[in-house]
Amino acid sequence: MNPNDVSSKDELVAFLHTLRHDLTNNATSWENQTLENFLEAMAAWLNDSNDANSKTPTWSLLATSLLAGKAYE
């Protein structure tokens, strides 16, 4: 699951399915298992990330921010 490989809407949808599958099968590896914690971590990563300063975000940046929601504190 590499967010840098996401370059289209269809790839993002596939990435989301993979992310959900990972949560279902490996929940103990997730720091942020609730939606509330996941969204808080995703927002924190976006706030802290220099990669997120672009005025035109990419599909891979969106995928990276979703993946950050898994474990970012």
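Only the coordinates and a few stated rules stand behind these numbers; no lab work does. On a predicted model such as this, the values are computed, not experimentally measured, just so you know.
The table for this structure:
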read-out: Whole-Hz ³J(HN,Hα) from phi, Karplus 6.51 cos²θ - 1.76 cosθ + 1.60, for segment 36-46, glycine and proline x; value: 4, 5, 4, 5, 4, 5, 4, 5, 5, 5, 4
read-out: Coordinate range along principal axes, alpha carbons of the chain, Å, largest first; value: 34, 26, 16
read-out: Stretch gain in nm, segment residue 48-residue 13, where the contour uses 0.36 nm per residue and the Cα spacing is subtracted; value: 10.1 nm
read-out: In order through segment 9-14: 3J(HN,Hα) via Karplus (6.51 cos²θ - 1.76 cosθ + 1.60), integer Hz, x for Gly, Pro; value: 4, 4, 5, 5, 4, 4
